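The values are calculated or read from the model by the stated rules, or taken from the named source; none is laboratory data. These figures come from a predicted structure and were not determined experimentally. Here the Cβ positions follow ideal geometry from the backbone for every residue, glycine too, while neighbour counts run over all protein chains shown. Surface areas here come from the heavy atoms of the whole protein model, side chains and all, with no ligands, DNA or RNA. Shrake-Rupley method; radii C 1.70, N 1.55, O 1.52, S 1.80 Å.
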Amino acid sequence: MTTDPADEIAAALGRLRGRRPRPPFAADDRDPREHGPGHAHGHHGGPWGRGAPPWADPAHGRFGGPARLRMLDALLAAGDALSVGAIAEAVGVDQPRASRLVQQAVQMGLIEREPDPDDARRTRVRLTPEGERLVSRVRGRRMDAVRSALDSFTDAERAELARLLSKLADSWPRD
């Protein structure tokens, strides 16, 4: 069975996205309101003033920045509940940031907590049906974007790009 090069390209891009380096001093994808006005950017809550950034408005079908979307993707890919530590590792953030991402998603009804069957002191989280619908919509838009970008490529070019991106993603340093 052959696979669609667009699927391979999207998967490779997803693997690369999850491995990008994140120096502690670099600007990140936090919502400036998370830590109060001025914290993330040093002035009035970031480049959007005091309002929400365009990616943070769930009323318009959006759910946060890249870390939030990677969290939902990781939960969908796992097919089961994950610990906050496992989410932190999958998303590429530290444990406190993963805890904040989980709390926000719980408040939005996109994930839910459940007791860890192996350790009663811990909880795990899983996608709710609403969370699954959101991830499916986002993945659909991503695939539409990849397919649109590939419109001008020949079949051979698509296959070669898929091969090269997969090789790059597989070789990308994990640290």
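A few comments on the model shown:
- A 1.4 Å probe, protein heavy atoms only, puts the accessible area of T123 near 60 Å².
- Förster-model FRET efficiency, 30 Å R0, E157 and R137, C-beta, rounded to 0.05: 0.55
- The listed peptides 65-72, 84-91, ordered by packing as a protection proxy, come out as 65-72, 84-91 (highest mean of other Cβ atoms within 10 Å first).
- Net lengthening on full extension, T123/D94 (0.36 nm per residue, minus Cα-Cα): 8.7 nm
- Applying 1/(1 + (r/R0)^6) with r as the Cβ-Cβ distance of D116 and A145 and R0 = 45 angstrom yields a FRET efficiency of 0.75.
- Rounded to whole Hz, the Karplus (6.51, -1.76, 1.60) HN-Hα couplings of the stretch 108-120, x for glycine and proline: 8, x, 8, 9, 9, 8, 8, x, 6, x, 8, 8, 4
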